[in-house]
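Readers should treat all values here as calculations from the given coordinates under stated rules, not as data from a laboratory. The model shown is predicted, which means the values in this text are computed figures rather than measured ones. Cβ placement follows ideal geometry from the backbone for every residue including glycine, while neighbour counts extend to all protein chains displayed.
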Amino acid sequence: MPHIVLINNDKDFRKIQQDTIQKEFEIDVICRDTIENTLHLTDLINNLSAIIIATDDFSKKSLLKLSEKMKFQNEQVKIIVPIKNFDKNTLLEDNILYVQDTDNIETILTTIALNLKLELKSQNRFSFVNSYKQISPKELLNIQIAPCDIFIKIHKHTGVKYILRFKAREGIDHIRVNNYISNEIEYFYVKESDSAFFYNDLNMKYTRSMEINCLSSEQRTQNTEKSYKYLVNRLKEEGFSPRNIELVDSVVLSIEKITNRMTGSLRIKGHLEYLLSRPQSDVYIHNQLTAVIASSIINKVPWGSAQQSEKLSFAAMFHDLDIVNNSELVQVRSRTELRENNFTADDIERVNRHALNSSLFMQDFPDLPLGVESIILQHHGSQNGIGFVEKPSPAVLSPLSLVFIIAEKFAHNYIFTVNDKLTAKEIISTIENEYNSNSYKEIVSGLKQAFKD
């Protein structure tokens, strides 16, 4: 028999919810009062199907901890969480499903039915589905698959009618959407009960691979080549050695192989699909340039190898996995920048922990070359992946992490300081002055050699 964990600190209301769910479905409901008291319980439950948080009395930190544990234990288990409004501080994890009102037992029952593919015995008594929420037509242009039924509203002499235009789980025809926009349709509509599903799906669109393979292998190759040409032209202008062009080619092929080997985590696959659909974005060019420079360096040091180049390419593509959808957070380099920018407390925590979290996400990928997660963990100089170390100590970091730090610093300054018009040679000079210990000399020398004719 499937099991559900129901979290609610209101004992009396929790009992009503438990009895109603068990009567509606043939399913066992186990109750707990807090997320903290649920963490150890999940190890003991076989056939766990979902965790429902039916209270808003919980911290974001405890929710993240539960999410990470369930990803490790069983990534198919959905955590159903109440939410009033989506904003930039909303915790986006692909095993968290937001609904608008878990106090409403009808919402809970409908959510269970949809996600566990169970039939509601009393579905005809629900009336809340007749309430609708507006959505902008332009938002439909950002998604490929309808996460729920989508309607238009028409006015008749008999009253307002909502007409179904896109069915849930079917493709959205963007030509039709643009036609509606041309005909001055101001809004589409979704059922009130589905609005949280819709906005959750919209905010998580870069992990759309669970619904559809957003890019074919041919499209991925074409987009990678566009980015490659753009990158190589800029590098040539900066004096990048012509004999390293073949190395650039091999790195691009290595990245293309990554996309075709994605048989693991949907989040990782979705991350790469998100990047490859934006081949000339600063974030993607930054990742690719990091891979190219790191591979160029490893080709120059006496202890380098092709296997190490592949590891560095993997790390370059995924080192900012936890914050890749926010370019402002990606650009943060120090504790000083965190303090000086107007970031929320949650954003600051997210940036401080992104190296650790990105490294943990990579554990979901079974084909990961050994050591990649360590490079990602240490890419801001911190041994434990938390915060920033302004002058990383070579004694506590792996040699490949040191190569990555230098390559990523070059890429960051080259991509994100366009207005300052820093040349490659100026950036290398700054790096040489900053990283002047013996442990970095070979690495910096390899960087300099990559830009020699």
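As a proxy for reagent exposure, ranking Glu68, Glu119 by other Cβ atoms within 10 Å from fewest up yields Glu119, Glu68. Loop-located GluC sites (Glu not before Pro) in segment 382-453 (DSSP state not H, G, I, E or B) with no more than 16 neighbouring Cβ atoms inside 10 Å: Glu390. A Förster distance of 60 Å, applied to the separation of the beta-carbon atoms of Asp56 and Asn179, puts the FRET efficiency at 0.90.
Whole-Hz Karplus values for segment 49-60 come out as 9, 6, 10, 10, 9, 9, 8, 9, 8, 8, 9, 4 Hz, taken residue by residue from phi with 6.51 cos²θ - 1.76 cosθ + 1.60 and θ = phi - 60°; glycine and proline positions read x. Placing a pseudo-label 7 Å from each Cα along the Cα-to-Cβ vector at Tyr187 and Gln144 gives an inter-label distance of 3.0 nm. Each residue of segment 14-24 was assigned a 3J(HN,Hα) from its phi angle through the Karplus curve 6.51 cos²θ - 1.76 cosθ + 1.60 (θ = phi - 60°); the sequence is 4, 5, 4, 4, 4, 5, 5, 5, 5, 6, 6 Hz, with glycine and proline shown as x. With contacts taken as Cα pairs under 8 Å at a separation of at least 6 residues, segment 283-368 carries a relative contact order of 28 percent.
The slack between Lys23 and Lys65, meaning 0.36 nm per residue of separation minus the straight C-alpha distance, is 12.0 nm.
Past the 23 Å Cα-Cα mark, which pairs from Lys409/Lys452; Lys133/Lys161; Lys311/Lys425; Lys61/Lys409; Lys409/Lys441? Flagged as over cut-off: Lys311/Lys425; Lys61/Lys409. Shown for Glu170, Glu24, Glu36: other C-beta atoms within 10 Å of each C-beta, ranked fewest to most, produce the order Glu170, Glu36, Glu24.
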